[in-house]
Amino acid sequence: MDLKQIAKQMMNMHKAIFDNIFKVMVFMQEQTENLASYFLEKSPWLSKDGKKVIDDWAKTCKKCQKDFKDTADESYKKIADLFDSTQK
């Protein structure tokens, strides 16, 4: 088997592992956010401004998650394109 093909298969496996781990991480963060939201709804001591700050923070985390995933996907695509161009 060609070394380039082995490297491409390893990269594809790495991407699949990354995607699965990322999905688990997102799921866990969503569950934590749901639990925190429930707790904050039932907390009379937290002001509306405090709840808004926490909500904004959660939105920022989700945006950063999406940006990180998009960047990783773009990088994997560039590597795959590189392997494809060298095999021709």
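Read the figures in this text as sums done on the coordinates, not as results from a lab. In this text the structure is predicted, and so the values were computed from the model without any measurement. Backbone-built Cβ (ideal geometry, glycine too); neighbour counts: all protein chains shown.
Full extension of the chain between residue 7 and residue 42 yields a length gain of 7.4 nm, computed as 0.36 nm times the residue separation minus the alpha carbon distance.
The chain: which chymotrypsin sites (Phe, Trp or Tyr not before Pro) are DSSP loop and have at most 16 other beta-carbon atoms within 10 angstrom?
For chymotrypsin sites (Phe, Trp or Tyr not before Pro) across the chain that sit outside H, G, I, E and B with at most 16 neighbouring Cβ atoms in 10 Å, the list reads 45.
Among 69, 52, 15, the largest mean-square fluctuation in a Gaussian network model of the chain (Cα springs under 10 Å) belongs to 52. GNM on the chain, alpha-carbon springs under 10 angstrom: the most fluctuating residue among 49, 67, 19 is 49.
With only alpha-carbon atoms in the gyration tensor, what are the semi-axes of the equivalent ellipsoid for the chain, in Å, largest first? Could the numbers behind the result be given before it?
Numbers: eigenvalues 358, 34, 4 Å².
Values for the chain, descending: 42, 13, 5 Å.
Phi angles of the range 45-51 translate, via the Karplus equation with coefficients 6.51, -1.76, 1.60 and θ = phi - 60°, into HN-Hα couplings of 7, 9, 6, 4, 5, x, 5 Hz per residue; Gly and Pro are given as x.
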